[in-house]
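The values are calculated or read from the model by the stated rules, or taken from the named source; none is laboratory data. It should be emphasised that the depicted structure is a prediction, and the values quoted were computed from it without experimental measurement. Here the Cβ positions follow ideal geometry from the backbone for every residue, glycine too, while neighbour counts run over all protein chains shown.
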Amino acid sequence: MFLNFKKIKLSPGFTLIELLIVIAILSILATVTLLVINPAQMIKQSRDATRLSDITTIVKALRVYSGSGANESTMGSTNTIYVSVPAVSSDCSDLNLPAPLSGWSYACSTSANYRKADGTGWIPVDFTSITYGSPLTSLSIDPTNATSTGLYYTYIKGSIAVSAGMESEKYLTSTATTDGGYSPYRYEAGNDLVQNTYIPNCGGTAVSWQGKTYNTVQIGKQCWFQTNLDYDNGCSSKVWANNTDVGWCGYYTGGPFTNEGLLYQWSAAMNGSTSAGAQGLCPTGWHIPTDAEWIIMEESLGMCSGAGAGCSGATGSWRGTNEGGKLKETGTTHWTSVTCGGTCNTSGFTALGTGLRHTSDGLFYWRLTTMYFWSSDSYSIDQWGGLAWKRYLAPNMATVYRGTTNKAYGVPIRCLKN
């Protein structure tokens, strides 16, 4: 008896061309998937890439002009911040910009001229006067170009300092914080970036967002909302689940109370993002502050730096001397009592004892005795949400507590300007 073995034909492996085609298809699918997952960030990245290119081109053109033998006096006025947004008034007074620092002023061009490269545009340099040809046919402007969002270009004469606001998580991390400039939220280029420190970071008219108005306050070099965020993008419709961050938001029992805003679980505040410095539910041009940005604010109020006991980098403890007092509202309208170390609300931050919604039972606790604030820094992740960095103020303490808390708590947020 003979076994009948059939001849089996083995398929050859992928050819090189087939392999390259498969890789190309996978790359396209990955790109499409990313666009589907986070289209908003991709759009912001596209605008930021344009800003990066525009500022690079502007700086090159200014250097060409300067190197053509032009006198510096023809490159604008000293102590003046030139803004890419067109205005009716030449001093930009109709744009509601932050008040300029002492000795400084703004300058704007008209809507008819602001793109011109002949010296009448938003950059007061006549590029067309270069004998061997103008490096620019028109002046670039920010893709958004609105003072209300902080997304516009600036120019300061002298050794040349140009800047543009960044809005995407990618470029905020990879470019704005590594360009050697003054602001971690703007791309800065030129020969003397120190001049950008004269661009005011806060003030002007209040910020309008989703039907609510928020005053702002400058602390050090940062610009903060002066009141808690009060924006419900549908998060209040989420069904609360004890010990789980489901993205809930809502008012404290009996609320809303004046200026106390909503209480947010961490994922609601972050609007689904997990990236430090994310915009979250804040307006365009603003974001949920990082733990490091809280530290910057605390140190600007006088807290000692470093990880030593009582200093800004210490964790799980009350730090500082009277910095918490400088943040808390004066009086007992929103606190049972106030210990400030003689410095109540000297920062203008006006923190209120809003209380919180407790993760373990969903009940509301400690209104008038507790103020928590989220940061956008996650500390850990688990199936219930995990932990995130926070700040904590108490009525009987003039200091500030830095630690982590369960993301499933409902607590307030403050927005920080990019």
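Details
- Matching residues, the range 322-347, being touching a Lys or Arg at 6+ places or on another chain (Cβ under 9 Å), surrounded by fewer than 20 Cβ atoms within 10 Å (Cβ to Cβ) and closer than 22 Å to LEU229 by Cβ: ASN345
- The set of residues from the range 168-226 being part of a loop (DSSP other than H, G, I, E, B), modelled with pLDDT under 85 and touching a Gly at 6+ places or on another chain (Cβ under 7 Å) comprises TYR185, ASP192.
- Residues considered: LEU101, LEU97. Of these, the only one that is over 17 Å from VAL162 (Cα atoms) and crowded, with 20+ Cβ neighbours inside 10 Å is LEU97.
- Qualifying residue in the range 366-373 (condition: more than 25 Å from THR290 (Cβ to Cβ), among the β-branched types (Val, Ile, Thr) and assigned by TED's automatic domain parsing to the domain that holds ALA276): yes
- The set of residues from the range 248-261 being without any contact (Cβ under 8 Å) to a residue 40 or more places away in the chain, surrounded by fewer than 19 Cβ atoms within 10 Å (Cβ to Cβ) and within 22 Å of THR359 (Cβ to Cβ) comprises GLY254, GLY255, PRO256.
- Within the range 120-138, restricting attention to residues that are crowded, with 24+ Cβ neighbours inside 10 Å and out of contact with any Cys (no Cβ under 7 Å at 6 or more places or on another chain), the residue that is farthest from SER66 (Cα to Cα) is ILE123.
- Some residue of the range 118-125 being part of a loop (DSSP other than H, G, I, E, B), charged (D, E, K, R), at negative phi and modelled with pLDDT of 90 or more: no
- Any hit, the range 356-373, residues being within 25 Å of the chain's Cα centre (by Cα) and modelled with pLDDT under 95: no
- Pick from the range 65-92, criterion of a type in the set (A, V, I, L, M) and out of contact with any Phe, Trp or Tyr (no Cβ under 8 Å at 6 or more places or on another chain), ranking: surrounded by the fewest Cβ atoms within 10 Å (Cβ to Cβ): VAL88
- Criterion (under 23 Å from VAL217 (Cα atoms), out of contact with any Cys (no Cβ under 8 Å at 6 or more places or on another chain), hydroxyl-bearing (Ser, Thr, Tyr) and in the same structural domain as ILE219 (by TED's automatic domain parsing)) met by exactly one of THR330, THR336, THR346: THR346
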